[in-house]
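The values are calculated or read from the model by the stated rules, or taken from the named source; none is laboratory data. Source: prediction; values computed, not measured. Note that we place each Cβ from the backbone using ideal geometry, even for glycine, and neighbour counts take in every protein chain shown. Accessible surface is based on the protein model in full, side chains and every heavy atom, while ligands, DNA and RNA are left aside. Shrake-Rupley method; radii C 1.70, N 1.55, O 1.52, S 1.80 Å.
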Amino acid sequence: MTTCPQNWVIANWKLNPNYTLAMALLHQVEQQILPQQNQSCHVAIAPPMPYLAHFSTSSRLTMVAQDISTVTGFGAYTGEVSAQLLQSCQVNMVIIGHSERREQFGDNTSKIRQKLTQAIAAKMTVIYCIGESLAEREAGQAQAVVLAQLQDLVDVVKNWSTIIIAYEPIWAIGTGKTASPEDAQAMHAAMRHYLQTHTKYATQIPLLYGGSVKAENAVQLAACPDINGALVGGASLDVNSFVTIVQAFS
Ligand code: PGA
């Protein structure tokens, strides 16, 4: 018997907005989402790191860290935020491998593997981001790049029940250009197939799509059989757009 994966819609607020506006936005999202939240779609928010402790203890929405340190525990690591520190703030989910971190903040394969190892050892739920650049897609390498990034995950994961994967083509992030539902589904099917050859749990792993998900394209994306949710950047800062996206996946 195969179990359908749980759908997830996760808001990635990135470095937005300021604290006052963030509290107001969280309040609006809570008011709209909490009354209609059901078992078919989980909703989570990844706000900027400094807001996490307050939000996770005061809100009933699930909070997600946007990144994690390569080091474990506590100690003389100026500026670092470990899995254990996050957990002490009731945060048990983390995004790892986002292309903005890979491209602008030195998150190479080795660092990403260390971060995955830290999060997994602490039993945090990981949202692992993968995706190809425009040049890689135009060179016909999109699938090879994505599957190589997936292999980095396969190398370190033993328990797949705490893994969510987000396919985010880099050329679609923040650009307004979404992958067509056909292209996104094709990549998700390839990912699912790859996972099937490496784990018994492939059908249960949520595969999210990210990259200019909006109210206007969410229904079409949600209709794709291997798309189990969305990682939403820009549109998650607008409560009405975000709620429409959640409804599409519910
Ligand atoms: P976007 O960002 O929705 O603004 O394209 C998605 C992401 O980076 O997770």
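Brief remarks follow.
- Spin-label proximity, residue 154 to segment 107-146 - amide N less than 17 Å from point 7 Å beyond Cα toward beta carbon: 113, 128-131, 142-146
- Prolate/oblate/rounded call for segment 1-103, Cα gyration tensor, a/c under 1.5 rounded: oblate
- Couplings for segment 222-235, taken from phi via the Karplus curve 6.51 cos²θ - 1.76 cosθ + 1.60 with θ = phi - 60°, read 5, 6, 6, x, 9, 9, 10, x, 9, 9, 10, x, x, 5 Hz in order; Gly and Pro are left as x.
- ³J(HN,Hα) computed for each position of segment 124-136 - Karplus, 6.51 cos²θ - 1.76 cosθ + 1.60, integer Hz, glycine/proline x: 7, 7, 9, 9, 9, 9, 9, x, 9, 7, 4, 4, 5
- Anisotropy class of the chain from Cα gyration tensor, a/c 1.5 cut: rounded
- For segment 1-145, the dipole from Cβ point charges (+1 on Lys and Arg, -1 on Asp and Glu) about the Cα centre works out to 300 debye, to the nearest 20.
- A simple charge model with +1 on the Cβ of Lys and Arg, -1 on the Cβ of Asp and Glu and nothing else charged puts the dipole of the chain at about 540 debye relative to its Cα centre.
- Nitroxide proxy distance, nm - points 7 Å out along Cα→Cβ at residue 108 and residue 121: 2.1 nm
- Put simply, when 41-48, 208-215 are sorted by average Cβ atoms within 10 angstrom per residue, most first, you get 208-215, 41-48.
- Listed cross-link partners 123/200; 177/200; 115/200; 14/111 are compared with a 31 Å cut-off, the Cα-Cα value being larger for 177/200.
- Two-site label geometry, residue 20 and residue 186: point separation in nm, points 7 Å out along Cα→Cβ: 4.9 nm
- Sites residue 144 and residue 219 - FRET efficiency at Förster radius 22 Å, r taken between beta-carbons, to 0.05: 0.10
- Across segment 9-23, coupling constants 3J(HN,Hα) worked out from phi with the 6.51/-1.76/1.60 Karplus curve, θ = phi - 60°, read 10, 10, 8, 9, 6, 6, 9, 8, x, 6, 4, 4, 5, 5, 5 Hz, and Gly and Pro carry x.
- Averaged over its residues, the chain has an accessible area of 45 Å² per residue, based on protein heavy atoms and a 1.4 Å probe.
- Computed helical MRE - 222 nm, the chain, DSSP H runs ≥ 4 contributing -39500 (n - 2.57), nearest 500: -11500 deg cm²/dmol
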